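The values are calculated or read from the model by the stated rules, or taken from the named source; none is laboratory data. A quick note: this is a predicted structure, and the numbers were derived from the prediction, not measured. Quick reminder, even Gly has a Cβ in these numbers, built from the backbone with ideal geometry, and neighbours come from all protein chains shown. These accessible areas exclude ligands, DNA and RNA; they are computed on the full protein's heavy atoms, side chains included. Shrake-Rupley method; radii C 1.70, N 1.55, O 1.52, S 1.80 Å.
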Amino acid sequence: SARSRVIVHVDLDCFYAQVEMIRNPALRDKPLGVQQKSIVVTCNYEARKLGVKKLMSVKDAKEKCSQLILVNGEDLTPYREMSYKVTELLGEFGPLVERLGFDENFVDITEIVEKRLNQLQQSSRVCVSGHVYNNQDLNLHDTTHLRLIIGSQVAEEFREAIHTRLGLTGCAGVASNKLLSKLVSGTFKPNQQTVLLPESCHDLICSLDHIQKVPGIGYKTAKRLETLGVRNVCDLQAFPSAVLEKELGVSVAQRIQKLSYGEDDSPVTPSGPPQSFSDEDSFKKCSSEVEVKEKIEELLLNLLDRIHKDGRQPHTVRLTIRQFSSPDKWFNRESRQCPIPPHLIQKFGKESSNVIPPLVDLLMKLFRKMIDVELPFHLTLLNVCFSNLKDLPSSKKGSIGFYLKQMSPPSGSGKRGREVGEVSQGDGSASWNQNYNTTGTIKTRKLSEGKKRCIKKAGIPDFPFHLFPGEIDQEVFRELPEDIQKEIISEKT
C-alpha cells in the first residue's frame, strides 16, 4: 500500500562547491563560489555565512565578501562524473535509484525496510536516525512509524557511505512517497536528515508559502493558477475540482490537486544510462553566423568526448536557440531536430575532428530554419542535444553480418572503405581493413590450387559478385565454411 512505501530523497550539499573542494583541498574552510559567466551558481557554507547566495551576480557577491574565492564551473565534466559515482554507490544498496539532476537521487528502500522489519525481535530497541519533522512522537506499535524509523537508519547508512567513499556530505528526507521525501529533506541543512511521519504531512504541505514550491507544479501552471486566485496549497485544496479540470484539463487538474494533499504514487524509476547528451552556452549577445558556428563547435567538442566515453551512437540531433527581443523585453526558445545521416553515425567514437565539420553544417541548416540570417538577430543561448542513442552493431563471429563487408566506392573516387571489426586469425587477430592499400584498391590473396579444387568438388556455386558489387569481400567469402557460403548465397539470390 501507499503507506507501506519508504522513499529516501538524497540531496547533496552545495554540490559543485564540494566537488571543487575535493579536487583542491586547499579551498576547504575558505569562502568559495563556483562561477558560470557572471553568476555565482553555488557557494559553500563559509561563503553563505558571509552573505553570498546562490545565483548572485559575481559583482554583488564580491561586494558582500571581498575574500570570496571564485572557481570557473563552466566545464560540467567533473560534476557529472561525481554525480554518476553517487548514483552508482546508492545502486549498491538496491536497484531502485532515480537521478534528479546532478545532486539529487530518489531511492525506494521499501524492500530493504521490509526485510529488516521481519528480522526485528520483539525485544529489539529501534532508534530513529536524525530528526523527526515537527518533533512528532513515535509510536513503535504503528508499523508505518516503524518502517519509516528503519528507513531513517538506511538513509543514515547512505549518507555515511557517500561521505566515507566519495568525501561528500548531503541531506536526506525519509517519507512514504517521492513528493514528501523531497519536501522534508531540506528541513535541516547541511549534512542532516529528517523523517516525516504521516500525521505531519498536512503541516509540511501547508507550510509552503507559494504553490510553485510544490514539486511537480511548474512556472506556467503556477501562473495559470494565480489567475484563478490559487496562490498557496490551501487555496488549491479548496478550489472546485470541476472548475480546475475545465481550466487545466482533467489529468493535470487531478494530478496537482493530489499533490496539494501530499499524495504521490509515482514510482522510483531507475535512471539507467542517459537517454541523451546535451550541452548549452548562454551569453549576453550572439548576432552573427560566424559566432554561432564557433559556439556550436565548442559545444560539440565536449559532447563528442562524452558520447565516445558512453560507447553508444546517437541517431538524432537537436538545436535549441533562445532569442531576445529588446522592444518587448521577451525571450523565446525554439528547437529543430533531424536524424543524423548514417555516414556520420559511423564516425562517432573515432577521431572527433572528422565528424565536427559535417555536424556543424547540419546544425547550421537547422539554425537557418529558425533564423532568417538576412535579418538582424540576437541570441542569448545555444543548446545542442544528441538523442536516440543505440548500442554499436555487434559483430559476432557466428553471425552472417560478421562476414559481410561494406566496401568502398570505386577506387577512382579516392575514398577509403569503412572499417570492419577484427577477425581472429590463428594465434592473433588482424583487421580485414588491412586488405586496403594506401590508394584505396584491394590487395588480393591468391587461393591455393588445392583450395580451389576443394571448392569445386564441394559443389558450391560461384557467388554472383557482379550483382552485388561492394557488399561482399570475395576472398573472405571463398574461405568461409560451406554452410555459411550457402546461407549467404540463398539470402542474396
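Taking region 184-199 as the range and being buried (at least 19 other Cβ atoms within 10 Å of the Cβ) and not β-branched (Val, Ile, Thr) as the test, the residues that pass are 185, 193, 196, 197. Within region 156-193, the residues that satisfy the criterion of being charged (D, E, K, R) and either closer than 24 Å to residue 143 by Cα or more than 24 Å from the chain's Cα centre (by Cα) (or both) are 156, 157, 160, 178, 182, 189. Within region 259-276, the set of residues being more than 30 Å from residue 234 (Cβ to Cβ) and not in a strand (DSSP E or B) comprises 269, 270, 271, 272, 273, 274, 275. I'd like to verify a number: residues in region 137-158 that are touching a residue at least 24 places away in the same chain (Cβ under 8 Å) and either open to solvent by less than 30 Å² (accessible area, probe 1.4 Å) or out of contact with any strand residue (DSSP E or B) (no Cβ under 9 Å at 6 or more places or on another chain) (or both), how many? Number of matching residues: 15.
Are any residues in region 159-171 in contact with an Asp or Glu (Cβ under 7 Å, 6 or more places away or on another chain) and either surrounded by 22 or more Cβ atoms within 10 Å (Cβ to Cβ) or of a type in the set (Lys, Arg) (or both), and if so, which ones? Result: 170, 171. The requirement of being over 23 Å from residue 137 (Cα atoms), of a type outside the set (D, E, K, R) and assigned by the TED database to the domain that holds residue 133 is not satisfied by residue 198. When region 65-75 is filtered for residues that are buried (at least 16 other Cβ atoms within 10 Å of the Cβ) and over 11 Å from residue 41 (Cα atoms), the ones remaining, listed by number, are 65, 68, 69. Would you call residue 61 of a type outside the set (Val, Ile, Thr), more than 18 Å from the chain's Cα centre (by Cα) and not assigned by the TED database to the domain that holds residue 186? No: the conditions fail for residue 61.
For region 278-296, the candidate set comprises residues that are outside any helix (DSSP H, G or I) and over 19 Å from residue 73 (Cβ atoms); within that set, the residue that is least open to solvent (accessible area, probe 1.4 Å) is 286. Can you name the number of the only condition in (1) open to solvent by less than 10 Å² (accessible area, probe 1.4 Å); (2) under 23 Å from the mean Cα position of the chain (by Cα) that residue 96 fails? Condition not satisfied by residue 96: (1).
Screening residue 91 with (1) more than 25 Å from residue 282 (Cα to Cα); (2) open to solvent by 70 Å² or more (accessible area, probe 1.4 Å) gives one miss only, at (2). Checked against (1) open to solvent by 40 Å² or more (accessible area, probe 1.4 Å); (2) at pLDDT below 95; (3) in contact with a Lys or Arg (Cβ under 8 Å, 6 or more places away or on another chain), residue 4 meets all criteria but (1).
Elements of the type strands (runs of 3 or more DSSP E) sitting completely within region 1-79 and holding at least 3 residues that are out of contact with any His (no Cβ under 8 Å at 6 or more places or on another chain) and among the hydrophobic types (A, V, I, L, M, F, W, C): these cover 7-12, 39-43, 69-72.
Scanning region 7-26 for residues that are over 27 Å from residue 281 (Cα atoms), hydrophobic (A, V, I, L, M, F, W, C) and touching a strand residue (DSSP E or B) at 6+ places or on another chain (Cβ under 7 Å) yields 7, 8, 10. Would you check if residue 45 is in the same structural domain as residue 144 (by the TED database), within 29 Å of the chain's Cα centre (by Cα), within 30 Å of residue 306 (Cβ to Cβ) and in contact (Cβ under 8 Å) with a residue 40 or more places away in the chain? It is false that residue 45 is in the same structural domain as residue 144 (by the TED database), within 29 Å of the chain's Cα centre (by Cα), within 30 Å of residue 306 (Cβ to Cβ) and in contact (Cβ under 8 Å) with a residue 40 or more places away in the chain. Scanning region 194-226 for residues that are over 26 Å from the mean Cα position of the chain (by Cα) and part of a loop (DSSP other than H, G, I, E, B) returns 196, 197, 207, 208, 209, 210. Screening 367, 377, 386 for residues that are of a type in the set (Phe, Trp, Tyr) and over 14 Å from residue 286 (Cβ atoms) leaves exactly one candidate, 386.
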